[in-house]
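Here the structure comes first, spelled out in structure tokens, and everything after it is commentary.
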Amino acid sequence: MIKQDFISKYIQELAKTLAKIISLEAGNSDEGFLIIFNQMLQSYYKIDDNQLNILLEENQERDQFLLSDELRKKNILTFLKATALFLRNNNQAKAENSFRIVERIQQTNTGIFQFPTEEDQIISKEYNHIKKRINF
């Protein structure tokens, strides 16, 4: 029970961090986004943006945060934003890994039905826009 409470608190903190990352306007603070993005990766996943491919592998501890129902949309938006910045910075490898993480999150069946929201429309639009730009 204590472990579950700890994980729940960690998820709440990650949600705050992801909300902060998502709110950063791309273009004006690309460097700020990447700094906070790397801090988030180090704090919750114990990696940096050079090791994004690790998040493509199943790992129960990391997947608690990456695939959490509570964080699903925020994680998708964060990694889509990271993908867009990596593409803008001509870092194809990081962009591809980041985009594959988005696809992994999306492919995970939550089993929870939710009516589409405005956030879902934003995700869909961003996803399709980036998918056209990325070259696998």
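Read-outs throughout are calculated quantities, based only on the coordinates presented, and are distinct from any laboratory measurement. Small disclaimer: the values here were computed from a predicted structure and weren't measured. Note: ideal-geometry Cβ built from the backbone for every residue, glycine included; neighbour counts use all protein chains shown.
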*Could I have the simple spin-label model distance between Thr108 and Gln121, label points 7 Å from Cα toward Cβ, reported in nm to one decimal?*
2.7 nm
*Can you list, bin by bin at 5 Å, the percent of alpha carbon pairs in the range 2-133, starting at 0?*
2, 10, 21, 26, 22, 13, 5, 1, 0
*asked:* Below 27 Å, Cα to Cα, which lysines can Lys9 reach? Residues fewer than 8 away in the same chain don't count.
replied: Lys20, Lys46, Lys73, Lys74, Lys81
_Reachable aspartates and glutamates, given that their alpha-carbon falls under 13 Å from the alpha-carbon of Lys132 and they are not under 8 places away in the same chain_ = Glu96
*Where in the chain are the DSSP H helices whose C-alpha atoms run 20 Å or more along the long axis and whose mean Kyte hydropathy is at least -1.0?*
2-23, 72-88, 92-107
_If you wrap a convex hull around the alpha carbons of the range 77-136, what volume per residue comes out, as a whole number of Å³?_
74 Å³
_Cβ-derived FRET efficiency at R0 25 Å, Glu58 paired with Lys20, nearest 0.05_ = 0.35
